[in-house]
Amino acid sequence: MKKIILIPIIFLLLGFSTSGYSQTTTDTLTTSRYVYCELVGMAKFLSTKVTVAVDYGEEKSFFQDTRMRDEQTGKVTSFNSMVDALNYMGTKGWEFVQAYVVTTGNQNVYRWLLKKKKV
C-alpha cells in the first residue's frame, strides 16, 4: 500500500522539478557585444600593393564598390600588405579575429575577420 502512494508522489515531485527550469531566449544579434567585418584583400595587377574591400554584412547591389577609400579625396586606397590594412583598421578600433586565404585561378584572395565592441 505504501508503494502505491509513494510512486505517484515521486512522479509528482519529478514533474515539478523539471517544469521549474526555463530558459529565456533572446535575439543574439541584439545582445551581441561585438560588431564584425571582413577585409577582403586582392593583389593589384603588376604591383606589390593590395586593394582591400570591407564587408560589413550589409545588403549591397552587385555593382556596388566596397573597396576602402581615402576619407578626404574619395580615391581607392592601396595598402602595402594586408598587415598594413589591419594596422589602419586597428587605429579605428577593430581587433583581429581570424584570417584565411582562398585561391581562385592564380590569384590569392585574403579574407580577414575583425571585430569591434559595440557602443
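Bear in mind that the values in this text are calculations on the coordinates, not laboratory data. Small disclaimer: the values here were computed from a predicted structure and weren't measured. Heads up, the Cβs are rebuilt from the backbone with ideal geometry, glycines too, and the neighbour counts pull from every protein chain shown.
The set of residues in region 53-63 being surrounded by fewer than 10 Cβ atoms within 10 Å (Cβ to Cβ) and either within 21 Å of A99 (Cβ to Cβ) or of a type in the set (G, A, S) (or both) consists of G57, S61.
Residues checked against (1) surrounded by 13 or more Cβ atoms within 10 Å (Cβ to Cβ); (2) under 22 Å from V102 (Cα atoms); (3) aromatic (F, W, Y):
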| position | (1), (2), (3) |
| --- | --- |
| E38 | yes, yes, no |
| F45 | no, yes, yes |
| T51 | yes, yes, no |
| D65 | no, yes, no |
| M68 | yes, yes, no |
| Q72 | no, no, no |
| S78 | yes, yes, no |
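If the condition is being of a type outside the set (S, T, Y) and more than 22 Å from the chain's Cα centre (by Cα), then region 63-79 contributes F63, D70, E71, Q72, G74, K75, V76, F79. Looking at V83, V40, V102, V54, just one residue is outside any loop (DSSP other than H, G, I, E, B), within 21 Å of the chain's Cα centre (by Cα) and in contact (Cβ under 8 Å) with a residue 60 or more places away in the chain, and that residue is V40.
Could you tell me whether region 112-119 includes any residue that is of a type in the set (K, R), part of a loop (DSSP other than H, G, I, E, B), touching a strand residue (DSSP E or B) at 6+ places or on another chain (Cβ under 9 Å) and in contact (Cβ under 8 Å) with a residue 40 or more places away in the chain? Taking every residue of region 112-119 in turn, at least one turns out to be of a type in the set (K, R), part of a loop (DSSP other than H, G, I, E, B), touching a strand residue (DSSP E or B) at 6+ places or on another chain (Cβ under 9 Å) and in contact (Cβ under 8 Å) with a residue 40 or more places away in the chain.
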